[in-house]
Each structure stands twice: as C-alpha cells, then as structure tokens.
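Read the structure below first, then the notes.
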Amino acid sequence: MKKHAELIAALFSGALILITYFTFHDSVAGPFLYSAAYLIGGFFKAKEGMTETITERKLNVEMLMIFAAIGAAIIGHWLEGALLIFIFALSGALETYTENRSSQELRALLSLQPDEATRMTASGKECVPVDQLQVDDLVIVLPGERIPADGIILKGVTSIDESAITGESIPVTKAEGNEVFASTVNSSAVLEICVTKPAQETLFQRIITMVQTAQEQKSPAQHFIERFEGPYVKTVLMLVLLLILIPPFIINWSFTESFYRAMILLVVASPCALVASVMPATLSAISKGARNGILVKGGSHLETLGQVKAVAFDKTGSLTVGKPSVTDFLVSKNAEASIVLEAAYAIQSQSSHPLAKAVAAYAHADSIEQAEQVKDAAGQGMKGIWLGEEWRIGKASYMQKPADQELTDQADALAAAGKSLVYIENEQGVAGVFALQDTIRPEAKAAIRSLSKLGISTIMLTGDNDQTAKALAKEAGITTYRANCLPDEKVAEIKELESSYGTIAMVGDGINDAPALATAQVGIAMGNGTDAALETADMVLIKNDLRKLADAIKLSKRMRRIIKQNIIFSVAVILLLILANISQYLGLPLGVVGHEGSTILVILNGLRLLR
C-alpha cells in the first residue's frame, strides 16, 4: 500500500474533485473541498518540487504547477487549479510506479547467487559465505547445486547448465581442467573446483553490475527535459512578475487589472495541455498494446521504439523455442527403426537430461518394458539392458563400435548443419542416430520479414557456436549474426550496433541477456523468459509472438505522430491565449475555456489510439 501511496492520493484527489463539482461547486464548502483536493493530490509533487528547489537551488516545473494552481485559486477558479494539480499528480504517480518496478530485476538476479559454499580445508569441510571465498580455495559442489564461484574443475566429469550465463538450454559437458562459472548448475556429479576469482569479480557479478549501470544512465530525452525545465519556469514567472509591475506605469493599467492579467497568464501558460499532450496518448497506446499481447513498462520506451533502426535478437528462447527437439532420425541398414526407437525410449525416459527428454519425447512408446540396470556415464551418455540386450545411447565417443560408412556420412552432414547428434547402439553395433536442434519459432520468419518491410535491420547475437548460429540465421532470414557471445560481449555488440545504426532494440529471454537488454535503448523480453529478463526489459511480448514486435513499432510511430500533433496544437493555443491576454481581448472565463478546452481536445486526440 505504501509504495502506491502517490497513485492512491492522485486518484482520491480526482474523486474528490468530481464529487465537489457535481455536489458542492457553488456552495460555501466548495473552496474548502477543492483545497483538500489540492493538498491530497499535490502533496507528493509539491514536496518533491520544494525539496529539489532547496537542495539544487533552482526552480522546476513542479513549482510552476503549484504557483499556477494557487493563481487559479486567487482569482476564484478553484476547479481549474484542482484539475491542474490532479493531472500533474497522476502523471507523476505513474512515473514513480514505473521507476519502482525497474529495481526488481536486480533482486531477481541476486536470488540466483548461492549464499554459501562448501570449502575444503586441512581439517575437513566447512560451510562459508560465498563472499569469503578467496582465490585458490578448494570448494565441493554436489549434483543439483549452483557453483559458488568462477573456477577450474580439479576432479569430476559432469554436465553444467550454463543458461544463466550463455542462455543455451543444452547443458555443457565439463571435465578436469575446464572452466566453470558462478551461479551455473552442476547436474550429475560431485565436483572439486579451484576458485580463480573472488565473489565480487565473477562473470555473474559482472552481469549484475552491467544491468545496474545501464539502468542508471539517463536518456537523451531526460537530459533535454532537465535542461528545458529551469529556463521555462523562470521565463513564465518573470513574465508574470513583469505583467504585475510594469503595465500600471507604462499603459495606465490599474494594479487590479495588472494582477488580474498576470493571474490569467499564470493559468494559461501552465503546461497542463502539454502534459495532456503526452500522457493520454501514451496510456492509450500502452492499453492497446496490452490488449494485443505487448506489455510496455513506460511511455518513453514505447516512444523510443518508433525510432528503432535495427533489432538484435538472442537466439535461444527468442528466435527459437528454447529447448532441443529431434529433427532427424537415421537408422542403420542392419537395424529396425521401431526396435531402435523403443530401446531409446526405454533408456532415455529414465533421465532428466534435456537431450534425453527430447529423444524420449520423439521415440515415445506405450506399454513397453523398461530398461534395467540403467547407468548414467556423466557427460557421455547412458546404457542399460533392454529385452536381454545391452544398449548404449549418447555421444559417438561413447559407442563401442563405429557406425557404418553410409550412416557416418549422413550424420556428418547433419552435424555440419549445426545439429547435436545422439548415437544409439546395441550389441551388433551402431543402430541409429538422432539429430537434435533448438528449432526456430514458427512465427520468427514472418516477424523478420515484417521488420524488413519497415526498413529495420535484424541481427542475431548468440552464445552458441558459429556453425549452429549460421544455420539458424539463414533459416530465419537474418543476414548478420554474432556467435560465441558471452553477456559482456553482447553488450559490446549492442554498443557497436548503436554507433552504426542509431537507436537499437534487443530481444532476449535469458539471464545472460539482461545486460544487453538494459544497454539497448529498448529492451524487449519474451513472455516465457527468466524473471531477470522480464524485469530488466522495457517491453514484454506476453504471448512470445515475435510478429507483435512489428505491430508495436507501428503503434509507436502512430503514437509519436499524435503526440507531435498535440504538442504543436497546445503550444499554439497557449501562445494565442497569452497574446490575447496581453491585448486585453481575453477575459478569465474565456481564458479558462481556451486553456481547458485545448486540454480536452488533445486528450480526445490521444484516445484515438484505443481504436
């Protein structure tokens, strides 16, 4: 409740304004109720404005809105002043809510870091906090545990789930002498690891640091607003003061007339219409996007999307479905396909390894006898007895006999296409080969074509090897790709693309994509992505439909056009009202009608985006 206090106060203020207008507007209680709306709705922005004015010793837009509301009250227009406070308070509350959400991705990342490690000492094992580990410490990691620090394996052979670092769903086989990274998961064996980096310098910690740094960087638009804010407030207040003091001595206005004109100027020059030029159009676009499966975390992100010149895609889980599946099944001329599939299912159905699950799903068979004496050779494969015969399934190096030449040639061709191979053999020799690949999303090709029609370039960034990356990029219709990218390298690629193209969007789904998502001007996460990716990203494709990306860009471009129309119109009205006021052709009622009327018109124009 406390974190939403600003939004609740703004909404309560709006409700109080409505009740007062329709019930007590012309009564004695009216000014008191409007004053209450002033205090409730304007408290947070007034506190922020006054605090910033005192600490930074410069006026801001918040103070101008306060002065404008007070000026409206002085000349008897409580309703207009209250509405001014309400609109400004609501926009500020929504901005604060969005900013609060942006800090959650760091908590999502930190939750993946192990808190403790089992360290080997001369006297035995001890459990210590991870941040106390030193270089050259020896740690023990059990199956299923996360590795506590970057290091080198001294003893053990296992499969490591490195999706937190590389984003690749297929575990990587690691043996003695191989490097491992903090926060990755040990799958199947007890490991002895020599720590090579302290906790604060691990690759995973660098990911967290990069996310934090990227989010703290201010956008060019934010810098422009901050530069514009001070001069605008000073100019308006100076004009108001001059309008009070100078006319009585130069053009024989009475002090009452001068003050009256100055208060009208303060009201009509307030940026109420300018605020309404952006917020209703933005909220309408965000609402329409949400109805179409596009979640946008802030209007600035949606506005920036319309300027995107290139989109970088992560491969696994973004362009692809994120898990391996069997694409080809080869069977030896000396074996029967149905028997080979049944044997594969009988053994692989007893494993939790992603490749084994994929093979079992492909070879699924009902009512068959389960394999017996099944053993898992870490990083190599599995073996078991089925129908009285020993079967092996796994890597080519795990097979006891070579495959025949014809099967070998076919398997080599599949490997050249970037596919992972799983061999299966019985006592007579290699009986078959399964080719697996993380398959491309059905809608990916259409999405790439749609972006190309909009004149937007597409690039693929992946932690996978060059051979696999090349094959999938070709299938998706992407001409440019970068393979073997670690998280920091993806960030470097995004910065390089930015220098070449300008505004860049990044689409990803994994923890390893979080730094690149935060670095790109617009980070876009897949709806089924990790918590870190979802929290870091500026936008989320809720239903994982890449085709919605082109729709979002079109929506952004339309929103930008409407905002531009609204700004030009509202500024023109303000200038016209100021000129009419100085020329004494504008009375307060007409000034209020012109000012509030322009606000209503730009709001209605913005609401067109809901259609």
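Tabulated results
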item	result
Chain lengthening between Lys395 and Glu179 when straightened (0.36 nm per residue, less Cα-Cα)	75.6 nm
Helix 272-291 axis, angle to the chain major axis (alpha carbon atoms, nearest 10°)	30
Within the accessible area of the range 376-499 (1.4 Å probe), percent carbon and sulfur	47
Ellipticity estimate at 222 nm from DSSP helix runs (n ≥ 4, -39,500 (n - 2.57)) divided over the chain, nearest 500	-16500 deg cm²/dmol
Reciprocal mean inverse distance between Cα atoms of the range 421-508 - Kirkwood radius, Å	15.2
Debye log10 I(q)/I(0) for the range 409-559, one point scatterer per Cα, at q = 0.08 Å⁻¹	-0.28
Average accessible area per residue (Å²) across the chain - probe 1.4 Å, nucleic acids and ligands excluded	46
Heavy-atom accessible surface of the range 120-198: percent carbon and sulfur, 1.4 Å	52
Whole-number D in µm² s⁻¹ for the range 307-387, Kirkwood Cα-pair radius fed into Stokes-Einstein, 25 °C, 0.890 mPa s	166
Cα-based Rg / Dmax (Å) for the range 269-426	26.1, 90
Tilt relative to the chain, helix 337-348 - C-alpha long axis, 0 to 90 degrees, to 10	70
Stretch gain in nm, segment Ser352-Leu239, where the contour uses 0.36 nm per residue and the Cα spacing is subtracted	33.3 nm
C-alpha long axis of helix 5-19 to longest principal axis of the chain, angle in °	40
Nearby lysines by direct alpha-carbon distance to Lys174 (threshold 19 angstrom, same-chain neighbours under 8 apart not counted)	Lys155, Lys197, Lys375, Lys395
Under 25 Å from the Cα of Lys47 - lysines, other chains or at least 8 residues apart	Lys2, Lys3, Lys58, Lys218, Lys234
Rg over Rh [alpha-carbon atoms, Kirkwood Rh] for the range 116-184	0.96
Antiparallel bridges, percent of DSSP beta bridges restricted to the chain (to nearest 5)	75
Percent of Cα pairs exceeding the 38 Å cut-off, where the set is the chain	49
Förster radius 60 Å - calculated FRET efficiency between Thr55 and Asn528 (Cβ-Cβ, nearest 0.05)	0.85
For Asp464, distant residues with modelled amide H under 5 Å away	Asn484, Cys485
For the range 1-76, the Rg and Dmax computed from alpha carbons only, in angstrom	13.9, 42
Gained length - Lys470 relative to Lys453, 0.36 nm times residue gap less alpha-carbon distance	3.9 nm
log₁₀ of I(q)/I(0) at q = 0.23 Å⁻¹ - the range 374-488, Debye sum with one point per alpha carbon	-1.20
Rg(Cα)/(2.2 N^0.38 Å) for the range 459-530, N = residue count	1.05
Kirkwood hydrodynamic radius (C-alpha pairs) into Stokes-Einstein, the range 531-602, 20 °C and 1.002 mPa s, D in µm²/s	138
Relative contact order of the chain, defined on C-alpha pairs under 8 angstrom at six or more residues apart (%)	15
Förster-model FRET efficiency, 60 Å R0, Glu126 and Asn252, C-beta, rounded to 0.05	0.10
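The values are calculated or read from the model by the stated rules, or taken from the named source; none is laboratory data. Small disclaimer: the values here were computed from a predicted structure and weren't measured. When we count neighbours, we look across all protein chains shown, and the Cβ atoms used for this are built from the backbone with ideal geometry, even at glycine. Just the protein is used for accessible areas: all its heavy atoms, side chains included, with ligands, DNA and RNA removed. Shrake-Rupley method; radii C 1.70, N 1.55, O 1.52, S 1.80 Å.
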